[in-house]
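Written out below as structure tokens is the structure these notes cover.
The values are calculated or read from the model by the stated rules, or taken from the named source; none is laboratory data. Remember, predicted model here, so these are calculated numbers, not experimental data. Every residue, glycine among them, receives a Cβ derived from its backbone with ideal geometry; neighbour counts consider all protein chains shown. Note: areas computed on protein heavy atoms with side chains; ligands, DNA, RNA excluded. Shrake-Rupley method; radii C 1.70, N 1.55, O 1.52, S 1.80 Å.
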Amino acid sequence: MSGIVDILAIETGMDTNLVERIMRTAPVRYKTYMIPKRSGGFRRISQPAKEVKILQRALVDVLLSKLPIHDAATAYREGMSIKENARRHAGHGPILKMDFADFFPSIKATDWSRYCEITGALASSTDIHLTSQLIFHRPKGSSVLRLAIGAPSSPTVSNALLWDFDEAISKEVSKDKVTYTRYADDLTFSASRTGYLVNVEKAVRKVIKLIERPKLVINEGKTTRVTTKYGRRVTGLTLTNDGAVSVGHTRKRELHTAVYRASKGGLDGDELANLKGMLGFVNSVEPEFITTLRNRFGASIIQKIQAFPIPKRQR
């Protein structure tokens, strides 16, 4: 019997035979559907079956969460957030943004196997094989196991497997006094002057070429440079020219309008639930704006929105 099977059986309370059976069949236990992207087009989501999710979460707890993650990686980590990702670039000048095409699906089970062999994360070939089966999805019509967008283990696996990439990029760009962070597939670079960023794209392509696993591809259409003359946005947040991180003027106007409507009883249950969520988000990024709203509309209306019970269907 596999050591990882025994561990997962203890962690979940499942019978060892059942755990192994689920792991071996996990790649095809997914429901796939499409959701629209904000930028247009659709994103393919592959949700693992309930029993697969249970084992994936258990594997995260006992193994995956203990793997080294580079400091430049700010997504899917306790104590990190989109605010922290943006904060590291606040106070700098121009920024360069790049991202990967088909990020999760680009990471394959063979990448995990090689990682385990090199790092010793798992020593048993049986354990490596079974965990590969558990955390990677086999898309319909394909024989290749890939990370799925929708599996709870995918974020942690991606961060661990990109340690070499993050380390290599950090070293390359630091030579030119450039700050680098990666939030999932979003790469952000900032510096005090535009000239410091001129070698970044070349450095990224060099590292991608040198690092064989995982084999990543830059989404060429999304590479952008932004100076302080224009709105610099990092993972959805605005970098102000005084060195702060803000939710941005547009979102503030929308919130102001929504709270005003709420104060007049003009929002239905779904709209109040959405507003509650947005206030929570803003409070985590720019809490002083919540104070502004309290002063404008009164503490009682803000408290009422924050205490609004979210309908079960939205939980």
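Step by step: first the residues of segment 243-275, then only those that are open to solvent by 30 Å² or more (accessible area, probe 1.4 Å) and touching a residue at least 60 places away in the same chain (Cβ under 8 Å), then the one that is nearest to residue 306 (Cα to Cα). Which residue is that? Selected residue: 244.
With the structure loaded, tell me whether residue 88 is charged (D, E, K, R) and under 19 Å from residue 182 (Cα atoms) or whether it fails that test. First the steps, then the outcome.
Details: charged (D, E, K, R): yes; under 19 Å from residue 182 (Cα atoms): yes.
Yes: the conditions hold for residue 88.
For segment 160-211, a residue qualifies if it is out of contact with any Leu (no Cβ under 9 Å at 6 or more places or on another chain), without any contact (Cβ under 8 Å) to a residue 40 or more places away in the chain and not hydrophobic (A, V, I, L, M, F, W, C), and the qualifying residues are 171, 172, 174, 175, 177, 195, 196, 199, 202, 205, 206, 209.
Yes/no matrix, rows are residues, columns are (1) over 28 Å from the mean Cα position of the chain (by Cα); (2) at pLDDT below 95; (3) under 21 Å from residue 89 (Cβ atoms):
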position: 243; (1), (2), (3): no, yes, yes
position: 249; (1), (2), (3): no, yes, yes
position: 253; (1), (2), (3): no, no, no
position: 257; (1), (2), (3): yes, no, no
position: 261; (1), (2), (3): yes, no, no
position: 292; (1), (2), (3): yes, no, no
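Working only within segment 78-128, note down all residues that are surrounded by fewer than 16 Cβ atoms within 10 Å (Cβ to Cβ), in contact (Cβ under 8 Å) with a residue 60 or more places away in the chain and under 17 Å from the mean Cα position of the chain (by Cα). Within segment 78-128, 101, 102 qualify. A Cβ distance below 7 Å, combined with a sequence gap of six or more or placement on separate chains, defines the contacts here; from segment 218-242, residues that are within 15 Å of residue 183 (Cα to Cα) reach residues that are in a helix (DSSP H, G or I) and open to solvent by 60 Å² or more (accessible area, probe 1.4 Å) in the pairs 237/83.
Identify the residue in segment 5-18 that is touching a Ser or Thr at 6+ places or on another chain (Cβ under 7 Å) and open to solvent by less than 40 Å² (accessible area, probe 1.4 Å) and, among all such residues, is farthest from residue 136 (Cα to Cα). Step by step, filter segment 5-18, then rank; the result is 9.
Residues in segment 195-214 that are in contact with a Lys or Arg (Cβ under 9 Å, 6 or more places away or on another chain), surrounded by fewer than 17 Cβ atoms within 10 Å (Cβ to Cβ) and at pLDDT 95 or above: 199 only. A single entry from 65, 46 fulfils the requirement of being open to solvent by 60 Å² or more (accessible area, probe 1.4 Å), closer than 17 Å to residue 157 by Cα and in contact with a Ser or Thr (Cβ under 7 Å, 6 or more places away or on another chain): 65. Filter segment 19-39 down to residues that are open to solvent by less than 40 Å² (accessible area, probe 1.4 Å) and out of contact with any strand residue (DSSP E or B) (no Cβ under 8 Å at 6 or more places or on another chain) and give me whichever is farthest from residue 133 (Cα to Cα). Looking at residues that are open to solvent by less than 40 Å² (accessible area, probe 1.4 Å) and out of contact with any strand residue (DSSP E or B) (no Cβ under 8 Å at 6 or more places or on another chain), I get 19.
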